[in-house]
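Chemist: First the structure, then my questions, so here it is.
The values are calculated or read from the model by the stated rules, or taken from the named source; none is laboratory data. All figures in this text were calculated on a predicted structure; none of them were measured in a lab. Reconstructed Cβ throughout: ideal geometry from the backbone, glycine too, with neighbour counts over all protein chains shown.
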Amino acid sequence: MFSFISILQYQQELSQNTTSCREAVQHYLERIESGKRLNAFTEVYSKEAMERAAQLDQQRKDGLPARKLHGVVIAIKDVLCYKDHTVTAASRILKDFTSVYTSTAVQRLLDEDAIIIGSCNCDEFAMGSTNENSVYGNVLNALDETKVPGGSSGGSAVAVQAGLCMASLGSDTGGSVRQPADFCGITGFKPSYGRISRYGLIAYASSFDQVGIFGTAIEDIDLLLKVMSGPDAFDSTALQNTLPEYSLAMVPDKRYRVAYFPEALEHPSLDKEIRHSIYHTLEQLRAAGNPVSAVSFNLLDYVVPAYYVLTTAEASSNLSRYDGIRFGYRTPAGTYDDLGGFYKKTRSEGFGKEVQRRIMLGTFVLSAGYYDAYFHKALQVRRMLVNKTMDLFREYDVLVLPTSPVTAFPIGDKSGDPIAVYLSDIYTVFANLTGIPGIALPLYRHSNGMPFGLQAMANKEDDVTLLQFSKYIMGNYRLNQ
Ligand code: GLN
């Protein structure tokens, strides 16, 4: 019986011939089949995954050296292009669209001999927090199938949560990796903006978007990050520096200067048990010799409005390409009078409600009469937040926050109240507005039975410190709760 603990352990087993890539893929295909009702996948590449597994098994038999992700079974969110495979962003407007090239993130996984097992369900164009905005329907939280898995990368989160793959990719524009990780009880990492190339990632809000990683062991996330990161000629916003090879192996008895925002922990929207657990961990950190300080943050109430003004503005521009002419869904001939009518019909039929709402909001905040009042103001807030992070990380190594104010809630509970859903992004959007890395670490369980985690952030480009801290936390605190 195949079981997975970490990539390192799997690869050791492969080299000892106690398992094979075929056995691993077979195992995941069976689990995906028996977990079909979770609706985590939009497509499963069964045949080609099995074929690739057989090739890799043969390569080991032939004594060829194994690459870094040899046989690692990975699922990707349906917003990442993979040549000759369907990519739809869970939208009707891209239904049956086939990628004509492969995203850099996926290409780098393939180059290290990873096996891509399928694409995962998500909120349409990565807009949402519940996975209820998908043309393929809801994804179910495997721990309680009446609850949402979070979003927008809900399918990728459940794929790891339910053991349907070893690790998965999502995208995080405002929390879409960290929040579903929190709701599902797994680890979700959003690297610094630019750490992983966005080439081939379907754009939602380009100055926020970042590929993120779901996994079990911090070492696995670290390995995937190192494989995918680095400069890319196809994305000028990709960071130019590369990460040190053995950064996690070298974590000594390091202590961390930890900051937290009292305004965040005292926010009225935060669930009491979540607040209590985070304070408790901060106490434990302090007791273990890490200086922990409260740092005042008076801009908390501005982060969600600034995020929704800026991201919808960028989305309204990015999504203008879906016009029914160049690619994707097209309204049937004879149902419109002129070109304007054609665009309107195509886009009204092709985009779901939430995406339409955001395109309209974004168009509004960019319009001549409102640009200064909304878009420009939000840019100013963003600048102030960036200044805040520069000050903060001069004195501290990490910032600790909750990930979400609540645990996973019942499907349908908030579907009629978009503002309530937007407001629940209060703890995650800060990292995207400022470009710093953030991670959700699965530490706790609520008395309602659902998991939740601690979120940590570090300075821009300092993904290494964040992963070192994560390893420290998971090693020291997981069992102490
Ligand atoms: N919930 C946020 C939103 O709806 C996050 C989206 C994301 O990170 N892709 O915009």
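Chemist: Assess whether Glu283 counts as being within 15 Å of the ligand (Cβ to nearest atom) and either of a type outside the set (A, V, I, L, M, F, W, C) or without any contact (Cβ under 8 Å) to a residue 12 or more places away in the chain (or both).
Modeler: no
Chemist: Filter segment 425-438 for residues that are within 14 Å of the ligand (Cβ to nearest atom) and among the aliphatic types (A, V, I, L, M); which is surrounded by the most Cβ atoms within 10 Å (Cβ to Cβ)?
Modeler: Across segment 425-438, the extreme among qualifying residues is Ala431.
Chemist: Kindly list, by first and then second residue, each pair from a residue in segment 456-475 that is closer than 11 Å to Arg195 by Cβ to a residue that is assigned to a loop (DSSP other than H, G, I, E, B) and at pLDDT below 95, limited to pairs with Cβ atoms under 8 Å and residues at least 6 apart or on different chains.
Modeler: Hits for this filter: Glu461/Asn241; Asp463/Leu243; Val464/Leu243; Val464/Pro244; Val464/Ser247.
Chemist: Applying the selection to segment 76-111, what residues are aliphatic (A, V, I, L, M) and in contact (Cβ under 8 Å) with a residue 40 or more places away in the chain?
Modeler: Across segment 76-111, the qualifying residues are Ile76, Val79, Leu80, Val87, Ala89, Ala90, Ile93, Leu94, Ala105, Val106, Leu109.
Chemist: So, one more: Answer with yes or no whether Val227 is in contact (Cβ under 8 Å) with a residue 12 or more places away in the chain and within 16 Å of the ligand (Cβ to nearest atom).
Modeler: no
Chemist: Could you please find all residues in segment 222-244 being of a type in the set (A, V, I, L, M) and surrounded by 13 or more Cβ atoms within 10 Å (Cβ to Cβ)?
Modeler: The answer is Leu223, Leu224, Leu225, Val227, Met228, Ala238, Leu239, Leu243.
Chemist: Return the residue satisfying two criteria in turn: it lies in segment 23-48 and is in a helix (DSSP H, G or I) and surrounded by 18 or more Cβ atoms within 10 Å (Cβ to Cβ), and of such residues it is nearest to the chain's Cα centre (by Cα).
Modeler: Within segment 23-48, the match that is nearest to the chain's Cα centre (by Cα) is Leu38.
Chemist: Still on this model: Taking Val464 as meeting all but one of (1) more than 24 Å from Glu354 (Cβ to Cβ); (2) touching a Lys or Arg at 6+ places or on another chain (Cβ under 8 Å), write down the number of the exception.
Modeler: All conditions pass for Val464, except number (2).
Chemist: Okay, moving on. Answer yes or no as to whether Ile213 is under 26 Å from Ala105 (Cα atoms), free of Cβ contacts under 8 Å to residues at least 60 places away in the same chain, within 16 Å of the ligand (Cβ to nearest atom) and not small (Gly, Ala, Ser).
Modeler: Judged against the criteria, Ile213 is a match.
Chemist: Can you name the residue in segment 343-355 that is part of a helix (DSSP H, G or I) and surrounded by 15 or more Cβ atoms within 10 Å (Cβ to Cβ) and, of all such residues, is nearest to the ligand (Cβ to nearest atom)?
Modeler: Step by step, filter segment 343-355, then rank; the result is Glu354.
Chemist: When Tyr329 is evaluated against the numbered criteria (1) part of a helix (DSSP H, G or I); (2) in contact (Cβ under 8 Å) with a residue 24 or more places away in the chain, which criterion, by number, is the only one it fails?
Modeler: Only one criterion is unmet by Tyr329, namely (1).
Chemist: Would you check if Leu366 is among the aliphatic types (A, V, I, L, M) and in contact (Cβ under 8 Å) with a residue 60 or more places away in the chain?
Modeler: no
Chemist: Inspect all residues belonging to segment 249-256 and state whether any of them is in contact (Cβ under 8 Å) with a residue 12 or more places away in the chain and buried (at least 22 other Cβ atoms within 10 Å of the Cβ).
Modeler: yes
Chemist: Scan segment 442-453 and tell me whether some residue there is surrounded by 15 or more Cβ atoms within 10 Å (Cβ to Cβ) and within 28 Å of Thr242 (Cβ to Cβ).
Modeler: Within segment 442-453, not a single residue is surrounded by 15 or more Cβ atoms within 10 Å (Cβ to Cβ) and within 28 Å of Thr242 (Cβ to Cβ).
Chemist: A follow-up question, please. Among what's in segment 160-177 and is surrounded by 24 or more Cβ atoms within 10 Å (Cβ to Cβ) and among the hydrophobic types (A, V, I, L, M, F, W, C), pick the residue that is nearest to the chain's Cα centre (by Cα).
Modeler: Within segment 160-177, the match that is nearest to the chain's Cα centre (by Cα) is Val177.
Chemist: When segment 1-22 is examined, which residues are found to be of a type in the set (Val, Ile, Thr) and either in contact (Cβ under 8 Å) with a residue 40 or more places away in the chain or assigned to a helix (DSSP H, G or I) (or both)?
Modeler: Residues satisfying the conditions are Ile5, Ile7.
Chemist: While we're on this one: Residues in segment 288-318 that are more than 13 Å from the ligand (Cβ to nearest atom) and not acidic (Asp, Glu): how many?
Modeler: 16
Chemist: I would also like to ask the following. Return the pair list, or none, for Cβ contacts closer than 9 Å from residues in segment 234-248 that are farther than 16 Å from Ile202 by Cα to residues that are modelled with pLDDT under 90, at least 6 apart or on different chains.
Modeler: Between residues of segment 234-248 that are farther than 16 Å from Ile202 by Cα and residues that are modelled with pLDDT under 90, the close pairs are Pro244/Met250.
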